[in-house]
Structure formats: structure tokens, C-alpha cells
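Engineer: Please read through the structure below; I'll follow up with questions.
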Amino acid sequence: MINALSFLPFLIFVPIIASLLCFWFKHNRSVILISVVCHSLLLVVSVCIFIDQANITQQVYVLASWAPPLGIGLSVNSATVVLVLLTSVLTFFYSVYSFIYFKDNPKQPLFWPIWWFLIAGIFALFASNDAFNVYVALEMIGLSAVALVAFDGSINALKAALRYLFVGLVGSLFYLMGVAILYRTYGTLDFNQLPTLVDANPAATLALLFITSGLILKTAIAPLHFWLPDAHGSAPAPVSAMLSALVVKCSFYLIAVYWLQVLPEHAPKAGYYFLGLLGAVSILWGSWRAFKVERLKHLIAYSTVAQLGYLFLLFPLAVQHTETTALYGSTFTASMYLILAHAFAKSALFLAAGDIIHQYGHDNLSKLSGLVKTSAVSTFTFAIAGASLIGLPPSGGFIAKWLLLSEAIETQMWLLVCVILLGGLMASAYIFKVLNIAFSTPSQHANHQVTHKQSAMAWMALVLACCAIALGFNAQSIMAPLMAPPVVVDLPSVHSMPSVHFMGVFV
Amino acid sequence: MINTLIDICLCAGIIMIATMSLTSQYLFKAIVLFMCFGILVTLAWVRLNAWDIAIAEAAIGAGITGVLLLVSLKPNSVPKKQTEL
Amino acid sequence: MNDILMYSATGFVLFFLGLYFVAFAPLVITRILAINIMGVGIFMFLVAHANSHNGVTDPVPHALILTGIVVAVAGTALALVLVKKIQVLSHNQNVTINSSSDTDQHTIQHTEQSPNQRTKDNLHD
Amino acid sequence: MFKDISVNNQQVVHRDTQSVVIRLSIAVLMAALCAITIYVLALSEPAQPILRNLALAQLDNTGVDNPVTAVLLNFRSYDTLLEIALLYVVVLSLYSCLFNPNESNLPPLPTFESHVIVRHFLRAFIPLIILIGGYLLWTGAYEPGGAFQAGAIIASGFIVVRVVGEPIIYPPWIDTLCIALGTATFVAVAIAVAFFEGTILTYPAGSAAGLILLIEIAATLSITLSLYIFYRMLGRL
């Protein structure tokens, strides 16, 4: 069985090379060629990593062959393997969608290098094993996402991008301060070595406070979510899909790593319940705002805030369920599956919204009545993806919410049970509000001529929505490795790791 | 003894100049004070034996960032009142 | 030993000072200054503990801070371009737009009338 | 907090100022948090310098004498690679924010006749700046200095020339080439080395110093150009 560990740096270097090539060879055909080659390479690598994850998650790919406390290591655990596969599949869809979306846009040569660099940032964050390296990856994602939000140059997009930039910078600085405190009190930055050194020291709790507040700002949870609807609302469709489905999940994953893997013993128990409270508040508040707002993309962005709230329910359940909190077990599988289902459903919604805006020129809900006549495929996509968001039976969302519910019932946290059910109810409220508008008879004054041809974009969004539904079926294959606790090989000081010969893999 | 005196003055000066820069209403004044803040911080790095960061802070922190802020004070592409030569 | 404490305390004070002004400064460019000052605060805290051991300085925080300074410059340049582009676009539209549809429209009367620096600022012309 | 960005009398202003009571209470809260953090960190004793001893012990086989450059370009070279790539992408982001298809492109930076004294002073000053930049780049391996400092100083030299009004004219292909040169060289070296040593970014035993110098030269070039482009674009806006 090939050792897929030496493929790990591919995940980061292939997108960076693609970004450089797209910058140097600007015209359309070469960009298409580069993107197709690099996406297929990424897909192959992430599939290999997913297949070979049993022994990969034990090892650390040591960059520059200096042992991790001094050098930097790349490593994946059972959660990142799934996220890496999700990222490569989704970014493939988004890139194909972007070809069509930006076909006649004169700014296209500038789009692709930044787009590929955002993908490199996401992979760098998932594969990183070093606290400061995660900060650089967060900045990579933050700055390139700002540039993509401000891509179409209108004043509202620029203001949303500026707001998003401020939030991103302040969140990263908080995270950096937390890492600085950790470095001062434990002298190391490596994720494998930190858990062994951490002792009952108030400085660790302080560092955790800084890191969590910075990442909560970047994950847009209830009190600090003000920037998300504008940023995701005014970005181009593929960018807002990428932001909602992947970028926001990166900072959630980091919170999960710090609270469940790196500093679990010394995280105050009340902190887990406080995070759960924040999640519950953002479920209810996000759904309520989604119901009230009158622009389609803002509605979808607020539903992102709501769905992120579900992810934060992981923390109280994890603490209540198994005293030993770690990145595996049934609770963590539920939230990982929710990330998968939400990523596909939400990107389908945003891509469908992008198609609707392309046809109508605006996404003002009041003037979108009679949508089903003109863009039937987009409405159908909206319905299916909405079903997965609400958690109706056949969809992946249903499985995730079912797992969460069973966890909450098992640990007798009745408050969480009714929050989950109420959230599903409110989600159906704003989904059916849009469907109601779509199926209502168009009022006379909305008589602008709309091209009735179903563009390829609508069909792409439909494919993603069907994936969200397909996730509901053979969920066992994805969930099995997440359930079982990884057989913990005591990680040697990895300098002694046999240096895997790059060429050996190919020969 | 003299070292702690220098430290006290430097730290007090840094905090004071930072507050003055942030609380000033006039943007030009705030930016010039920010550049002085950069110079004082460079002194702090020198005092803490961080030579690489001292050069970098002086060149990038006080220099380049200050120039970028100054040049962004007035929009150049907006037609000015008096005719440009 | 106490100079380490003094500089790390200054670092924290700068961090929270910058944080306050990022939240409440009226001018956007002052907020950009505040973010830079927060960054300097973190770096001061890191460096204060780097040279604490009998004069042999710890090179790792210095490398981290060099990376942090360049990231700060990049962030500042991006923020400044966005701010100026907003200025230019709104000037071209000649309308004072207060954006984001769902804020209540209380406009403050006593906006600090920063005087016209164009006369004093002869650096650029 | 950041909700309402608007423009009046040419200043981009935030008009969502909360009432003074909220601001004061939050200021007091922040002061309290600051005091708590200082108190907590004053009590807990700092860590043993694990990384410092490791870094200084391994210093001799990194091919570089300056410990900071060793950490920057050998131990944690992956961080530096990502960060130079970040600078390259931010330059592209500035281009994309600046360039609007439906607008007339921007007026060029005003160039005007500089004073004769300034011109003669610059004629002696700019070569000196470039010399200092080159020196800093070269001594980066032995004493404090390196790619970032050298790039910043040479860029400030170009900016001084531009502020004074002298036009700097160079063919546009230099822009596209040199912006990405630093990242491209670093990635190329990282991959090429992997073919000999098995893992990425592992410099072969003898050639660490040479490769680090090559990376530093390319990084200085692209940092100089990036910082100068920051100035030029902000000036044109």
C-alpha cells in the first residue's frame, strides 16, 4: 500500500503553483488547462489520503526534516481527512462554476491567482500541525477572501470587504496573542507536544480565552456575526459559496482542535457550556434574522450563521457525553457530518442564487415572485438543498441532526433537544418563505424580460444539491473511521521518522 | 539603575504617543505621531536586543507603513480645486 | 528581571488600547493605525520574554515577528486601498451614502469636523 | 461595531458611535481584562527555553550563522514561504480592488520638476540606499539583516525618488515577473530539493548557504517591488 504521507505537501504546493501559473499565463485556455490539471491532482491526492488514513494519522510529515518542536510538521487526523476530501471536491465544483460565472468579466485574469491562493490557504490550515503556522494560514485565507469579496467593485461590496478585513485582522491578532501566551508559558508551538506540557496553569486558560474569542469572531457566532451577511451577501456567487461552506468551517475546526485536542484538560468546564450557549443563541438569532431579511443572498448568509450554531452544540455534548474529550467519538462524528451536509447544501443555495441574480439582475425577494416559471432548475435546487438544511429524512442534514438529537437525548440535555428542533422549524420557515415567493403568480410590474434558457450554472447547483441528498444514504463509509478512536501510537520525536523518498513513491 | 530608568521612560513614552496618535482628530497628526511611535518601538527593540526586528520595524513599521498612510490622505484621482501643472 | 515584566505589560496595554480604538475610533484610518498598534503590542510581549535568559536571545520569536510585521504591512495596504476606493467611488457619486440597510438612521450632529488638511499637507503636491 | 461606514468631507467615517456610557463601560472592561492578563502572566513563570536551545544547538549545520535567519529560512522555512506568497497575493488583491472594468483607468501619479538640490542629492543618495540594501541582504547570513529589511530599504529608496516627483519608468513585464519571483523561486527550490532529500524544503548538506542566499535575493526583489507597487497604487487612487 503506497505511503500517502509524502502526498501531504502536494495539498499546499499544488495550489500555490497553480496560482503562480494562472498569474503568469493569463489567457483563458491556459487558465482552464492549469485549473483542470491541478484540481484532478488535488482530488487524487485527497482520495489517496482518505483511503490510507489508517496509518497516515499516526505520522507527521516533517518539513525540512527538523523535528517538529523546532521545525514544522504537516499532519492530518481523522477529521481533517474528511475535510480535505470535502474541500477538494467542492473547490472543483466552484472552479467549474466560476469559469461560467466570470466568462466575459474583464477582471478574470486577476480572479484565478487569488482564488487558487485561497484554496492553498484552506489546505495549509487543515494540514498544519504548528500554532504559528495556523496563524499564517488564517491570514492567507483572510486577506485573499477580502480581495474576492471586493471583486465586483461596487461600493457595497467594498464596504463589506473592508468590514470583513477589519474583523479578520482583529480575529487573527487575538489568535496570535493566544499563541504568544502559549509560547511564553510552554516554550513550544507544536500541536503534538503542547498537550503533554500543558499543566494546571491559569495562563493556559487565558491563552484559550484569547484564541477562542479571536476564532469566534472569525466563525461569526451570535454576538459577533454582524459582518457575515454583508460579506457573504455582496460577494460573487462562487466566492460566497466558498466562504460559507469552507472558510467559516476552518476557524470552527480550529476551535474544536484547541478545545478538544490541544488543551482539553485545562479548558474550564463552564467554557464548553458557554460555547454551547453561544451556538444555541446563534441558531435562534440567525434563523430569525434569515426570516426577516428581504434579500436572497442575505437570507442564505444568515442561515449560515444559524447552521454554525449547530456545530457549536458539539462542545456541551462532548463534555457531557464522554469525559475524555478528543477529536473522535459519536458527538464529533455528528458535527463533522453536519459540516459535510451543510457545505453541499449551502453551496447549492449560493450557486442557485448566483444563477438567479445572473438572470434577474437583482436578488430582492419581493420582486422575485414567479421565479419558478423563469428559472425552474434553480427553484428545484433551492427546494432540495433547503430540505437538507432543514434536515428532512432522505438528506445528509437529516442524518447529522438525527445523530445530534440522539446525542442530546442520551446525555439528557433537554434544552439542546428543543433548540435543535426549534432550529429545524425556523429553518423550514425561511426556506418555505422563498419557495412561497417562487411559486406565487408574478405581479404585473415585474415584467422585465428574463432569458428563459437554463444556464449550465443552474444544473451545477442542482448536482451539488443532489450530493447533499446523496450524503444521506451510505453514511456509514464516511462515518466509520471517525467513530473509532485512533489507535494511539505514542508519537516518537519524529526526527527518527524514516525519510520517505519522494522518488520512491513514484518508482 | 540607568537601564530601568530608560525602560520606564521608553515604555511610558510608547504608551503616551500611541494614545495621542489614536485620540487625535486630525488624520495628518495621527499618522505623523504613528511614525514617531514606530521610531520609539524601534528603540524598544534595540533595548531588548532584537536587532533584526529593529531594522525591520524602522524600515517597514515606521517607514513604509507611514508613507502608505500619508499618501492615502488625499484622493489623487479626484480632481483638485487648483489646477495641477 | 523587571524589565521583562515592564515591556510585556506595555505590550498588553498597547494591545487593549488598540482594541478599544479599533472598536470606537470615528475615522477608519485611525482604526487601521489601531490594528497596527495591537500587532506591535503582541510583538513586544513576545520579544520581552525572548531575551530573558542571561543575554542569550531566543531567535524563534524574532522570526515569528518578522513574519508578523510583513503580514501587518500587507493587511494595512489592502485596508488603505479599500478605504480610498470607497472615498473615490462615493465622491464620484457625489452622494453621502450611509450604507447597510438595517441600521437605524440616527446621525450624530457633532461629527468632528477635521479641518481641511490640504493646505498644510504640501508633502505630496 | 463596524456596521456603518460612510464618507463625509472626504474622510471615511464610522457614524455608528454608541453612547458614551457604553464606550466607557467597555473601556473599563478592557482595562480590567488587561490588568488581569498582566497579573496572571506576572505570576506564572515563563517556560524553559526548549526551542532556543534546540535552535542554537543545530545552528552550525544550517549553513547560516545568524540564528534568526537560520530559524526564518531553514528551521521554519515553510512559514516564510507562505508569508512571501501572501505578500505576492496581496499585491494582486490591490490590482483587483483598483481595477474596475466599467471605470476609466486612473490618472498616473503626478510627476513634476523636482528642485535642483533635491535632484543632485538623490543622485548620490539612491545608489547609497541600494548599496545598503545589498549589504543588508548579504550580511543576513552572518549578522542581523535579511531579505525583508533589505527589500524595505530599497523600496523606500524608490519611494523617495517617486515622492520627489522623478518618474520611475520600467517595462511592465518586470512587474508581472518580479512580483511572483520570490514565491516561485522558493517553491522551485523547495520542490527541487525534495527530489534529492526525500522531504520538501530539506537543503542538501553542503548547499544550505547557497540556496538560502538564492531565496533571499529573489525574496528581496519581490518584496522591494511589492512595497513600491503598494505606494504607486495608493498614490494613483
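Engineer: Nearest 500 deg cm²/dmol is fine: what mean residue ellipticity at 222 nm does chain D get from its DSSP H runs of n ≥ 4 alone, each adding -39,500 (n - 2.57), divided by its residue count?
Structural biologist: -22500 deg cm²/dmol
Engineer: Something else about it: Quick check: Cα centre of segment D:116-179 to Cα centre of segment A:26-90, how many Å?
Structural biologist: The distance from the Cα centre of segment D:116-179 to that of segment A:26-90 comes to 39 Å.
Engineer: Placing +1 at every Lys and Arg Cβ and -1 at every Asp and Glu Cβ, with all other atoms neutral, what dipole size does segment A:201-360 have around its Cα centre, in debye to the nearest 20?
Structural biologist: That gives a dipole near 220 debye.
Engineer: What distance in nm separates the two pseudo spin-label positions at A:Ile51 and A:Asp104, each 7 Å out from Cα along the beta-carbon direction?
Structural biologist: With each label placed 7 Å out from Cα toward Cβ, I get 4.4 nm.
Engineer: Here's another thing I want to ask about it. Pairs of alpha-carbon atoms within less than 8 angstrom and 6+ residues apart define the contacts here; what relative contact order does segment D:50-236 have, in percent?
Structural biologist: Here the relative contact order equals 30 percent.
Engineer: Just list whichever of A:Lys159/A:Lys401; A:Lys26/A:Lys159; A:Lys103/A:Lys373; A:Lys107/A:Lys297 have alpha carbons separated by over 31 Å in the model shown.
Structural biologist: Checking Cα-Cα distances, A:Lys159/A:Lys401 exceed 31 Å.
Engineer: Identify, among C:Val28, A:Leu471, A:Gly171, the residue whose Cα sits farthest towards the positive end of the charge dipole of the protein assembly as shown, taking +1 on the Cβ of Lys and Arg and -1 on the Cβ of Asp and Glu, with the dipole about the Cα centre.
Structural biologist: Farthest towards the positive end: C:Val28.
Engineer: Set Lys and Arg Cβ to +1 and Asp and Glu Cβ to -1, take the dipole of segment D:50-236 about its Cα centre, and tell me which of D:Pro108, D:Met233, D:Leu214 lies farthest positive.
Structural biologist: D:Pro108
Engineer: Would you kindly derive the ³J(HN,Hα) couplings of segment D:96-102 from the backbone phi angles with the Karplus curve 6.51 cos²θ - 1.76 cosθ + 1.60 (θ = phi - 60°), listing them in order in whole Hz, with x for Gly and Pro?
Structural biologist: With the stated coefficients, segment D:96-102 comes to 6, 6, 6, 8, 10, x, 8 Hz.
Engineer: For chain A, give the magnitude of the charge dipole about the Cα centre (Cβ charges: +1 Lys/Arg, -1 Asp/Glu; no others), in debye to the nearest 20.
Structural biologist: It works out to roughly 1460 debye.
Engineer: Starting with the fewest neighbours, write out A:Tyr430, D:Tyr228 ranked by other beta-carbon atoms found within 10 Å of each beta-carbon.
Structural biologist: Result, fewest neighbours first: D:Tyr228, A:Tyr430.
Engineer: So which residue, out of D:Phe125, D:Phe75, D:Phe99, gets the largest mean-square fluctuation from a GNM of chain D using Cα contacts under 10 Å as springs?
Structural biologist: D:Phe99
Engineer: If we count other beta carbons within 10 Å of each Cβ, what is the order of D:Arg23, D:Arg236, fewest first?
Structural biologist: D:Arg23, D:Arg236
Engineer: Also: Using the crude model of +1 on Lys and Arg Cβ and -1 on Asp and Glu Cβ, and no other charge, please compute the dipole size for the protein assembly as shown relative to its Cα centre, in debye to 20.
Structural biologist: With Lys and Arg at +1 and Asp and Glu at -1, about 2540 debye.
Engineer: Using only alpha carbon pairs under 8 Å that are at least six residues apart, calculate the relative contact order of segment A:60-173 and give it in whole percent.
Structural biologist: Normalised by residue count, the contact order of segment A:60-173 is 22 percent.
Engineer: If I model a spin label as a point 7 Å beyond the Cα along the Cα-Cβ vector, how far apart are those points for A:Leu284 and B:Ile2 in nm?
Structural biologist: Modelled inter-label distance: 6.6 nm.
Engineer: Sticking with this one: Which GluC sites (Glu not before Pro) in segment D:78-161 sit in a loop by DSSP (not H, G, I, E or B) and have at most 16 other Cβ atoms within 10 Å of their own Cβ?
Structural biologist: For GluC sites (Glu not before Pro) across segment D:78-161 that sit outside H, G, I, E and B with at most 16 neighbouring Cβ atoms in 10 Å, the list reads D:Glu103, D:Glu113.
Engineer: When a footprinting reagent is the concern and you count Cβ atoms within 10 Å, what order do C:Leu27, C:Leu5 take, fewest first?
Structural biologist: Neighbour counts put them in this order, fewest first: C:Leu5, C:Leu27.
Engineer: Name all residues of segment A:74-117 having a backbone nitrogen under 12 Å from the label point set 7 Å from the Cα of A:Leu43 along its Cα→Cβ direction, giving them as ranges.
Structural biologist: Residues A:88-96 qualify, since their backbone N sits under 12 Å from the label point.
Engineer: If R₀ is 25 angstrom, what is the calculated FRET efficiency for the pair B:Val32 and D:Leu106, using the beta carbon separation as r and rounding to 0.05?
Structural biologist: Efficiency computed from Cβ-Cβ geometry: 0.40.
Engineer: Another one. What stretch of chain A, leaving out the sites themselves, is the longest with no GluC sites (Glu not before Pro) in a DSSP loop having at most 16 other Cβ atoms within 10 Å?
Structural biologist: Result for the longest clean stretch: A:1-264.
Engineer: Once you have all Cα-Cα distances for the protein assembly as shown, histogram them in 10 Å bins from zero and send the whole-percent values.
Structural biologist: Going from the shortest bin to the longest, the percentages are 2, 12, 22, 26, 22, 12, 3, 1, 0.
Values quoted throughout were computed directly from the atomic coordinates according to the rules given, and no laboratory measurement underlies them. Remember, predicted model here, so these are calculated numbers, not experimental data. Because the Cβ atoms are built from the backbone with ideal geometry, glycine has one as well, and the counts that use them run over all protein chains shown.
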